[in-house]
């Protein structure tokens, strides 16, 4: 079985998680670039992060959340995914709520946080679930683009048993020049799986935990089934 990861993953991690008997290639399908954004007052806003790039670009630009929960205008921080949560913690801040994908976050906000004002620090190709759903519920929501995502659109000539995807933009980039049929699509989460289904009729294997470790667990299970 040979597998293509649409993201560079360390060979030591791949070897540890999958062993050395599986042929694995890695290729980047998107490129991200942080943007310079003038910091502004975050007063009266709750903050949303849906990627590590969003977190890192936010702090590089000099934004500082108010985490004093006793203060009237402190900033609640909402995250999608454990990796994003860890990035926030790396900068010394905690999170109010962590959901596994944008759809879950949207549902939580519309159900329990209707009176908050939200700023979403994200990339130019950020998932549209939040800006499609929140304004419909009269929830104040605004995107702040702090990094650019460029789709590289590589041409892949080798055939693979499975291709692993990490984001909707990565799926679109891959699909521009390559067929999405003829291999097993493996996805890190449901949001990415939804994008795969727009381009492929092949059933998608979706990791349950939206993490790299849960992805490797799913791949090991698929390898065992093939054997």
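Just so it is clear, none of the values below were taken in a lab; they were calculated from the coordinates. Model, not experiment: these values are computed from the prediction.
Only helical DSSP H runs with n ≥ 4 go in: add -39500 (n - 2.57) per run for the chain, normalise by residue count and round the 222 nm mean residue ellipticity to 500 deg cm²/dmol.
Taking each H run of at least 4 residues, the total per residue is -10000 deg cm²/dmol.
Calculate how many DSSP beta bridges within the chain are antiparallel, expressed in % of all such bridges and rounded to the nearest 5. Walk me through the numbers before you get to the answer.
Values: 5 of 34 bridges.
DSSP beta bridges in the chain are roughly 15 percent antiparallel.
Scale the Cα Rg of the range 41-149 by the rule-of-thumb value 2.2 N^0.38 Å and send over the ratio, two decimals.
Its radius of gyration relative to the 2.2 N^0.38 Å reference: 0.97.
With N denoting the number of residues in the range 112-225, provide Rg(C-alpha) divided by 2.2 N^0.38 Å, to two decimal places. Walk me through the intermediate numbers first.
Working: Rg = 16.5 Å, N = 114, 2.2 N^0.38 = 13.3 Å.
For the range 112-225, the normalised Cα radius of gyration comes out at 1.24.
Springs between alpha-carbon pairs under 10 angstrom, Gaussian network model over the chain: which of 135, 168, 185 fluctuates most?
It is 135.
Between the range 100-115 and the range 15-45, how many Å separate their Cα centres?
Cα centres, the range 100-115 to the range 15-45: 24 Å.
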